[in-house]
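What follows is one structure encoded as structure tokens, with my remarks underneath.
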Amino acid sequence: MGGRHEARQWAVQFLFQRDFNRDDLESALEFFWAGVKGAASSRRFAEDLIRGVDAQREELDRRIQQYAEHWDLKRMGAVDRNVMRVALYEMLHCPDVPPVVSINEAVELAKELSGAESGKFVNGILDRARKDIDRPARDAQRAALGKKEKTPRGDVD
């Protein structure tokens, strides 16, 4: 399991628990991390996602509800809801992660943690959201950051 994939999975697991227990965030994180083993970098990324989603929860839920045609947020599965919260937070606040990567990761997590049908459900909602998010395409991001793109024939500016 890759570092960021593992971090996203931890974030979803924590946020799932948080749906049912809204105790002090710091205490809840301390308790959660006591039972988790993994790379420090994965843990940092997971905690960034957790804190971001927790702080932006109302806005993320409003957006999910906006794109979930004929679905009430409260009737969605808790795993699916938290997978979408994490992905949407990434799409809005993590410029180093292309939105399509966030969506693909969310679909995989939904399938792993909830089932194949959940992957389709999550993909549909997040793809609608992606169309309204004002983020540069991957090539524009690379150019802005001065990175070269790897191709089979070598680096390309």
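Please treat every number below as a calculation from the coordinates, not as lab data. Computed from a predicted structure; not experimentally measured. No Cβ is skipped: glycine too gets one built from the backbone with ideal geometry, and neighbour counts run over all protein chains shown.
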From the options VAL86, VAL79, residue that is over 18 Å from ASP127 (Cβ atoms) and assigned to a helix (DSSP H, G or I): VAL79
Of all residues in the stretch 59-76 being of a type outside the set (S, T, N, Q) and within 23 Å of VAL101 (Cβ to Cβ), the one that is surrounded by the fewest Cβ atoms within 10 Å (Cβ to Cβ): GLU59
Among the residues of the stretch 98-118, count how many are outside any helix (DSSP H, G or I) and surrounded by fewer than 17 Cβ atoms within 10 Å (Cβ to Cβ). 1
GLN56 vs. criteria without any contact (Cβ under 8 Å) to a residue 40 or more places away in the chain, under 16 Å from ALA87 (Cα atoms) and polar (S, T, N, Q): yes
Identify, by number, the condition in (1) more than 13 Å from the chain's Cα centre (by Cα); (2) part of a helix (DSSP H, G or I); (3) free of Cβ contacts under 8 Å to residues at least 60 places away in the same chain; (4) under 22 Å from LYS131 (Cα atoms) that LEU92 doesn't meet. (1)
Being farther than 13 Å from ALA7 by Cβ and surrounded by 13 or more Cβ atoms within 10 Å (Cβ to Cβ) is the filter here; which residues of the stretch 33-58 pass it? ASP54, ALA55, GLN56, ARG57
